[in-house]
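Student: For reference, the structure I am asking about is given below.
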């Protein structure tokens, strides 16, 4: 039920360079046209020439050898044999399966791989980044199944993209450049990346950041609606918590409530109203770490092997092993689980007459009306999914390719679980928003100046409060969340 992207105007063009950001990847995913900076293209070309010289002088994984458990098998370096080796490598690794990924995720993957190749350490043919630019601008990308990656490189997905650039897989629009002829010089370098996992992490984190901003506005509305105590997010309380991110959350809530001077209904509120700055700060801290790692990986040259033109060397390594990313993804999912639990607590409070002074479930109409009773169930179902997704993916392990990769990283599973957690969190917040909107209306609460522009939108979610099909107003609440994220404190 949730949108995957916030509404936005036509995106501006994005130039890919060494300074590409996660925000650029989101813009390209949403349809922004791209170009490769002239300096980056020149660097890629120079590195290709250097890699050819270095590869001719040194045994090089994937160029002069097979891959995985075939790494000890020498491959002929004759032109025809090298070309055939590259083509077969791409074809054999294109084993994606399952439900197709959203097209937006495929665009983000292609953009991420382009940004990584722009760092010019792979020795790839410059025709490849040129083809990626053309494919993105023509929106000529393949359908890619969601299975095939385990956190040590998105080989299956990138092979599918490589086959599309070679004209061997259908694309969403016609290719406008000659098909790529995958030789040994470019096949493995193109596949040697976690671009899909990174891209999906970028998109999930972008939506999570919007939901975090929306949750702060929603919490401020809840304080007004429940006549909650402002002491829980006072400067003194924030200082006492002694945890990163609390000052930021508490200060933003205070700013949103500036001008709110209603007396608190209780000397001390339940946890749902009292500990939000703590749970939300834990989420903020997790997002800061995750965003920092994703930002590094968007422009990371992690191809194995990688070349150094100045030193004339080729380095074989395991830098593509995404242990840090897996841990950061897990931390974000765990933080969502705690924040969503706190949101569900406020939802339950809204159904209790002891905290609202109103009828059970904020019902109107005949005795026994159910009102918003079922919002608890819907939110609880989403919360159950969030908690299941919070089981650490980074604890997983498996041995592959005859033991060559004896401990896969499972960052890809971590990003799948984060996507599930973000989707569930959106549902929980939508349920809370609908409940708080009704509570504000039934109590005739006066919103402080910063929140007052939301009054009409809140009332419009459910103009009538008699028992009704809750799906349409819940969908409207879902759509309003992105608007809440734009409210300035």
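Student: Hey, any hits in the range 179-200 for a residue that's surrounded by fewer than 24 Cβ atoms within 10 Å (Cβ to Cβ), touching a helix residue (DSSP H, G or I) at 6+ places or on another chain (Cβ under 8 Å) and modelled with pLDDT of 95 or more?
Tutor: The answer is yes, given that some residue of the range 179-200 is surrounded by fewer than 24 Cβ atoms within 10 Å (Cβ to Cβ), touching a helix residue (DSSP H, G or I) at 6+ places or on another chain (Cβ under 8 Å) and modelled with pLDDT of 95 or more.
Student: Taking the range 97-116 on its own, how many of its residues are touching a strand residue (DSSP E or B) at 6+ places or on another chain (Cβ under 8 Å) and within 17 Å of residue 198 (Cβ to Cβ)?
Tutor: Total meeting the criteria: 4.
Student: Follow-up. Out of all the residues in the range 337-353, is one or more without any contact (Cβ under 8 Å) to a residue 12 or more places away in the chain and within 30 Å of residue 225 (Cα to Cα)?
Tutor: Yes, the range 337-353 has at least one match.
Student: Now for a separate question. Only one of 461, 480 is within 26 Å of the chain's Cα centre (by Cα) and in the same structural domain as residue 325 (by TED's automatic domain parsing). Can you tell me which?
Tutor: 480
Student: Test each condition in (1) assigned by TED's automatic domain parsing to the domain that holds residue 91; (2) more than 24 Å from residue 34 (Cβ to Cβ) for residue 224 and report the one that comes out false.
Tutor: Just one mismatch for residue 224, condition (1).
Student: How many residues does the range 355-381 contain that are in contact with a helix residue (DSSP H, G or I) (Cβ under 7 Å, 6 or more places away or on another chain) and either over 24 Å from residue 269 (Cβ atoms) or assigned to a loop (DSSP other than H, G, I, E, B) (or both)?
Tutor: So the count comes out to 6.
Student: Of all residues in the range 465-488, which are surrounded by fewer than 16 Cβ atoms within 10 Å (Cβ to Cβ) and either modelled with pLDDT under 95 or in contact with a strand residue (DSSP E or B) (Cβ under 7 Å, 6 or more places away or on another chain) (or both)?
Tutor: 483, 486, 488
Student: For the range 75-176, please list each of the helices (runs of 4 or more DSSP H) lying entirely inside it that holds at least 1 residues being touching a helix residue (DSSP H, G or I) at 6+ places or on another chain (Cβ under 6 Å) and at pLDDT 95 or above.
Tutor: In the range 75-176, 103-117, 127-138, 155-165 are the helices (runs of 4 or more DSSP H) which contain 1 or more residues that are touching a helix residue (DSSP H, G or I) at 6+ places or on another chain (Cβ under 6 Å) and at pLDDT 95 or above.
Student: A follow-up question, please. For the range 381-398, which positions are closer than 11 Å to residue 428 by Cβ and either without any contact (Cβ under 8 Å) to a residue 12 or more places away in the chain or surrounded by fewer than 15 Cβ atoms within 10 Å (Cβ to Cβ) (or both)?
Tutor: 381, 384
Student: What number of residues in the range 287-310 are in a helix (DSSP H, G or I) and closer than 24 Å to residue 154 by Cα?
Tutor: So the count comes out to 11.
Student: On the basis of being in a helix (DSSP H, G or I) and either under 20 Å from the mean Cα position of the chain (by Cα) or crowded, with 18+ Cβ neighbours inside 10 Å (or both), does residue 269 make the cut?
Tutor: No; evaluated as a whole, the condition is false for this residue.
Student: Same structure again: Taking only pairs six or more apart or across chains, which ones have beta-carbon atoms under 8 Å, a first residue in the range 2-30 that is within 17 Å of residue 101 (Cα to Cα), and a second residue that is at pLDDT 90 or above and assigned to a loop (DSSP other than H, G, I, E, B)?
Tutor: 4/102; 5/30
Student: Could I ask something else about it? Please verify whether the range 202-224 includes one or more residues that are modelled with pLDDT of 95 or more, outside any helix (DSSP H, G or I) and touching a helix residue (DSSP H, G or I) at 6+ places or on another chain (Cβ under 9 Å).
Tutor: no
Student: Is at least one residue of the range 312-333 more than 30 Å from residue 121 (Cβ to Cβ) and either over 16 Å from the mean Cα position of the chain (by Cα) or not in a loop (DSSP other than H, G, I, E, B) (or both)?
Tutor: Going through the range 312-333, the residues more than 30 Å from residue 121 (Cβ to Cβ) turn out to be 333.
Okay, now just the ones that are also either over 16 Å from the mean Cα position of the chain (by Cα) or not in a loop (DSSP other than H, G, I, E, B) (or both), so 333.
Yes, that holds for at least one residue.
The values are calculated or read from the model by the stated rules, or taken from the named source; none is laboratory data. This one's a predicted model, so the numbers in the text were calculated from it and none came from an experiment. With ideal geometry, Cβ positions are generated from the backbone for all residues, glycine too; neighbour counts draw on all protein chains shown.
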